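Here's the structure, in structure tokens; my notes come after.
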Amino acid sequence: LFVCIDHIGLAVPDMDEALRLHVDVMGWRLLHREQNQEQGVDEAMLGTGAQGDENAMIQLLAPLSPESAVGKFIEKNGGRGGIQHIAYRVADMDAVDATLRERGATLLYPAPKSGTGGARINFIHPKSTGGVLLEITEPPAAPHH
Ligand code: MC0
């Protein structure tokens, strides 16, 4: 079903501080910035591999409001950040969506929504994955560059 791990989503209370840590200290490259109002996030995508050949990405997610999914996650986590989701890349969202439903997974949205860089995204509820929020993402034809 899945092509690879597309990215790991880290909830961060403070985007500037998180960028200093991950870019200035860790040395990852900033690939993409975006605000997604529907998801309630300010997002920074970081490259972890050689230029243009990412070995999965790291996605920093700062909440746009306390009521957003990431805002609630941070609140429940005592105000600290943490791993909010893991995103599996798929090549054919509609086929994978149908297969997952057939196999009993609980998808959050009836139809895919808009994600980073124009990706099509959906989520599998943590209650049907053993406690981890899983995103499935079909990147646009020319992702992130
Ligand atoms: C909640 N739970 C989690 C969790 N969030 N478990 C693992 N990872 C998470 N991130 C657990 C709670 O602890 C609770 O377990 C149960 O799920 C239900 O929690 P809840 O508090 O009732 O539910 P909510 O209101 O926190 O909602 C959880 C839900 C929400 C997954 C439905 O976070 C959601 O809609 N997520 C999808 C959207 C999203 O995450 N957007 C941000 C990334 P107990 O055992 O206490 O019942 S946007 C993004 O990533 C885009 C930009 C992209 O990549 O392209």
Q: Would you work out what percent of the accessible area of segment 4-138, with all protein chains in place, is carbon or sulfur (probe 1.4 Å)?
A: 52
Q) GNM on the chain, C-alpha springs below 10 Å: top fluctuator among Leu21, Leu107, Leu134? A) Leu21
(Q) Between Thr99 and Glu34, what is 0.36 nm times their sequence separation minus the Cα-Cα distance? Round to one decimal in nm. (A) 20.4 nm
Q) Between Asp53 and Lys76, what FRET efficiency comes out of the Förster formula 1/(1 + (r/R0)^6) with R0 = 35 Å and r the beta carbon distance, rounded to 0.05? A) 0.45
Q.
I want to check the label-to-label distance for Asp92 and Val3. Put each point 7 Å from Cα in the C-beta direction and report it in nm to one decimal.
A. 1.4
**Q.** Per residue solvent-accessible surface (Å²) - the chain, probe of 1.4 Å
**A.** 53
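The values are calculated or read from the model by the stated rules, or taken from the named source; none is laboratory data. The shown structure was predicted, so the numbers you read here are calculated from the model rather than taken from an experiment. For neighbour counting, all protein chains shown are included, and Cβ atoms are generated from backbone atoms with ideal geometry for every residue, glycine included. To get the accessible areas, we keep the full protein, side chains included, count just its heavy atoms, and leave off ligands, DNA and RNA. Shrake-Rupley method; radii C 1.70, N 1.55, O 1.52, S 1.80 Å.
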